Amino acid sequence: MGAHSHVLIFPLPLQGPINSMLKLAEMLCLRQIKVTFIITQHIQRRLFDSSTIQTYMTTKYGDAFSFQAIPDGLPEEHPRTIREFSELLGSLSAVAPLILHQTVSVWEISCIVAEGILSFATDIATQIGVPLFYFDTCSASALWAIMCLPQLIQAGELPFKDDNLDEIIRNAPGMEGVMRRRDLPSFCRDINLEDLEVKLLLKQARLMPLSQGIILNTFHQLDAPLLSHMLKLFPNIYAIGPLHALLQTQASQNSSSSILPEDMSCISWLDKQPSQSVVYVSIGSLALMTKDQFLEFWFGLVNSGMRFLLVQRPGSVAGLDDGIPVELLEATRERGYVVSWVPQQEVLDHPAVGGFLSHCGWNSILESLVAGKPMICWPHHFDQQVNSRYVGEVWKVGLDMKDSCDRVVVEKMVREVMELRKDEFLKRARKLSEAARGSVGEGGSSAKDLDRFIDDIKNMMFFPKQN
Ligand code: UDP
């Protein structure tokens, strides 16, 4: 039965979720489980143009792995930036169920693994009669904040009653004393219960506990206090992170799944820099900045006197075509390097990199934790507000610059992490890196949870086709 298990994986059509779900897909293929990976046509084009993932997966796994592209329902010229995320979510939730239902009902599949917010997967799984696992690719802390939304609303903590963002949150068990209003997912600040995204999140909070199990890209040692609370709601949690590190223990080589072309020249530049001397700066695949914000970052970096590798993703900074101060360009020629996109895992693992100024997307945090690199956090949207609080206040492997974008603060925090408090941050970061590597190594908690997940899939009944 096991050799014929067939899993349908459906990530959100965004870089972070695609990266982590592809890693899960590959680990299933390595254990003789067939995977069909659903992506939107738009993402498929970008993925195939910028990476070799298709050739890599086909060469390595043959027909045990395939991409299945579906329309997202938006016109081709739609910008699909984070500003229009609700439109993408709404459109996908409207078109995907019918297409998927038609496609999937003629296949034999063992189970579906879907991103938490794609709650229409519950209906599809019920209609075709297969088990459903939700994989929430954001952090456990952000997922828990979402699961607590109904009680935060019921207790009157949401919407906020005034504009004091430092008020402590009281109705999120396990997060007492940690979370302030400003640390909740960004949409909570001006929450409108009628917004599509909020409605979908509330639906997610209702449906996730009814699924067969929850997959999380975290590890027990990192999130133990939260996981113990979560287990009361989700009795079946598979904490199998950090997935990129777990895959590295199982596959001799990996392929990039980047949806933007990677500029490898940054590695040659890093090769020439002294050990732990470079701050790596990136705001990920979605976050946007104004020109003023970007210049504050850039000035802060230059004024810190540190070397820096700065990613300026195409389209991420509005109106940056001209007027870059000469002193920035000169200082950058001396000790900086600006690129449009990098192979981030490789960059973070590079010995020249000493710290990461990050927007705190969950994949970026995990990649930094595994590499043992301290962080300076500038959260932009959604789970990043929660993640940066955990980096600064709970794990204490960096500083949280939330809600400020000022060259003086950037300079101060970069100097603190890279120089003044370097040893303290490095010590904790290395300890967490060891814990992360231990969890994916033989007998580690994530390796065991993956084994349990695979056993559970292989033991699932084979569900008959419906005509
Ligand atoms: N990434 C990359 N090159 C870059 C910047 C980011 O390959 O120059 C990758 C990074 O390694 C991570 C993903 O893009 O796996 C970003 O996901 P994350 O969850 O950190 O943030 P998001 O882009 O979803 O906001």
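Things worth noting here:
- The lone exception for Leu89 - which of (1) assigned to a strand (DSSP E or B); (2) closer than 26 Å to Arg206 by Cβ it fails: (1)
- Given (1) over 26 Å from Ser258 (Cβ atoms); (2) within 16 Å of the ligand (Cβ to nearest atom); (3) of a type in the set (Lys, Arg), number of the condition Arg313 does not satisfy: (1)
- Ile376, sole failed condition from (1) near the ligand (Cβ under 9 Å from one of its atoms); (2) within 20 Å of the chain's Cα centre (by Cα): (1)
- Odd one out for His78, checked against (1) without any contact (Cβ under 8 Å) to a residue 12 or more places away in the chain; (2) assigned to a loop (DSSP other than H, G, I, E, B); (3) open to solvent by 30 Å² or more (accessible area, probe 1.4 Å): (3)
- Among the residues of region 274-292, those that are more than 16 Å from the ligand (Cβ to nearest atom) and either touching a residue at least 40 places away in the same chain (Cβ under 8 Å) or among the acidic types (Asp, Glu) (or both) comprise Pro274, Ser275, Gln276, Ser277, Asp292.
- Within region 343-353, considering residues that are open to solvent by 10 Å² or more (accessible area, probe 1.4 Å) and under 25 Å from Asp400 (Cβ atoms), the one farthest from the ligand (Cβ to nearest atom): His350
- When region 196-217 is filtered for residues that are farther than 26 Å from Leu231 by Cβ and open to solvent by 70 Å² or more (accessible area, probe 1.4 Å), the ones remaining, listed by number, are Leu196, Lys199.
- Every pair of residues 6+ apart whose Cβ atoms lie under 7 Å, when the first sits in region 442-464 and is among the small types (Gly, Ala, Ser) while the second is at pLDDT 90 or above and part of a loop (DSSP other than H, G, I, E, B): Ser445/Phe219; Ser446/Phe219; Ser446/Ile240; Ser446/Gly241; Ala447/Gly441
- All positions within region 365-384 that are among the charged types (D, E, K, R) and closer than 24 Å to Glu197 by Cα: Asp383
- Selection status of Arg421, open to solvent by 40 Å² or more (accessible area, probe 1.4 Å) and among the basic types (Lys, Arg): yes
- Qualifying residue in region 320-329 (condition: among the acidic types (Asp, Glu), closer than 26 Å to Arg46 by Cβ and surrounded by fewer than 19 Cβ atoms within 10 Å (Cβ to Cβ)): yes
- Lone qualifier among Leu227, Leu243, Leu201 - being within 23 Å of the chain's Cα centre (by Cα), under 21 Å from Tyr134 (Cα atoms) and within 16 Å of the ligand (Cβ to nearest atom): Leu243
Yes/no per residue for (1) open to solvent by 50 Å² or more (accessible area, probe 1.4 Å); (2) more than 24 Å from Leu88 (Cβ to Cβ); (3) in a helix (DSSP H, G or I); (4) among the aromatic types (Phe, Trp, Tyr):
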position	(1), (2), (3), (4)
Thr126	yes, yes, yes, no
Leu165	no, yes, no, no
Pro235	yes, yes, no, no
Gly241	no, yes, no, no
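- Test for Leu193: is it touching a Pro at 6+ places or on another chain (Cβ under 9 Å), under 26 Å from Ser91 (Cα atoms) and open to solvent by 50 Å² or more (accessible area, probe 1.4 Å): yes
- Summed over region 138-195, residues that are of a type in the set (S, T, N, Q), touching an Asp or Glu at 6+ places or on another chain (Cβ under 8 Å) and over 25 Å from Ile240 (Cβ atoms) total 1.
- Consider region 354-367 and keep the residues that are small (Gly, Ala, Ser), touching a strand residue (DSSP E or B) at 6+ places or on another chain (Cβ under 7 Å) and under 19 Å from Gln312 (Cα atoms). The one that is nearest to the ligand (Cβ to nearest atom) is Ser364.
- Given (1) farther than 21 Å from Gln250 by Cα; (2) free of Cβ contacts under 8 Å to residues at least 40 places away in the same chain; (3) surrounded by fewer than 15 Cβ atoms within 10 Å (Cβ to Cβ), index of the condition Ala69 fails: (3)
- Qualifying positions in region 381-405 - open to solvent by less than 10 Å² (accessible area, probe 1.4 Å) and more than 16 Å from the ligand (Cβ to nearest atom): Met401
- Yes/no for Val370 being in contact (Cβ under 8 Å) with a residue 40 or more places away in the chain and either within 13 Å of the ligand (Cβ to nearest atom) or among the charged types (D, E, K, R) (or both): yes
- Residue within region 39-56 that is in contact with a helix residue (DSSP H, G or I) (Cβ under 7 Å, 6 or more places away or on another chain), within 23 Å of Pro97 (Cα to Cα) and open to solvent by 30 Å² or more (accessible area, probe 1.4 Å) present: no
- Condition check for Ser256: among the hydroxyl-bearing types (Ser, Thr, Tyr), within 10 Å of the ligand (Cβ to nearest atom) and open to solvent by less than 10 Å² (accessible area, probe 1.4 Å): no
The values are calculated or read from the model by the stated rules, or taken from the named source; none is laboratory data. All values reported here derive from a predicted model rather than from experimental measurement. Note that we place each Cβ from the backbone using ideal geometry, even for glycine, and neighbour counts take in every protein chain shown. Heavy atoms of the whole protein, side chains included, go into the accessibility calculation; ligands, DNA and RNA do not. Shrake-Rupley method; radii C 1.70, N 1.55, O 1.52, S 1.80 Å.
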